[in-house]
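**Q** My questions all concern the structure below.
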Amino acid sequence: MMQGYFVTFFTQQSRTHEGIPLARWIIEEAKKLGVGGATLFSGEKGFGHDGRFHSDNYFDLEDLPLQVAMALTAEEYEALKALLAEHRIRVFYTKSEIEFGFTTDR
């Protein structure tokens, strides 16, 4: 068992960083940092801090709401947080303390 954090980043499909979708960038950078896994979820509908709705309807497909979720050790969280700060990325996130691991050795 390990102690750490469950972290979820909330963004939209249309948001990019360095020419690639921000959600994909976060996942790729987390992998480079050695994070054990991440999951990308797409939402049907949502609204952000600006009050704008984001949805998967025909007229708004490029602004699909996305979540990137991962279980992180404290060290992995600090490294990812520092990387986001270094790249001046402002993205909404939630962080909860968790215990994580596998149910069996194999």
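Bear in mind these aren't lab numbers, they're just calculated from the coordinates by the rules spelled out. These numbers come from a predicted model, not from an experiment. Glycine also receives a Cβ, built like all others from the backbone with ideal geometry; neighbour counts cover every protein chain displayed.
**Q** Suppose each label sits 7 Å from its Cα in the direction of the beta carbon; what would the Glu78-Lys32 distance come out to in nanometres?
**A** 2.1
**Q** Sort 8-20, 31-43, 86-98 by the packing proxy (mean of other Cβ within 10 Å over each peptide's residues), most packed first.
**A** By packing density, highest mean first, the sequence is 8-20, 31-43, 86-98.
**Q** Can you tell me the FRET efficiency between Arg106 and Thr16 if r is taken as the Cβ-Cβ distance and R0 is 41 Å, rounded to the nearest 0.05?
**A** 0.55
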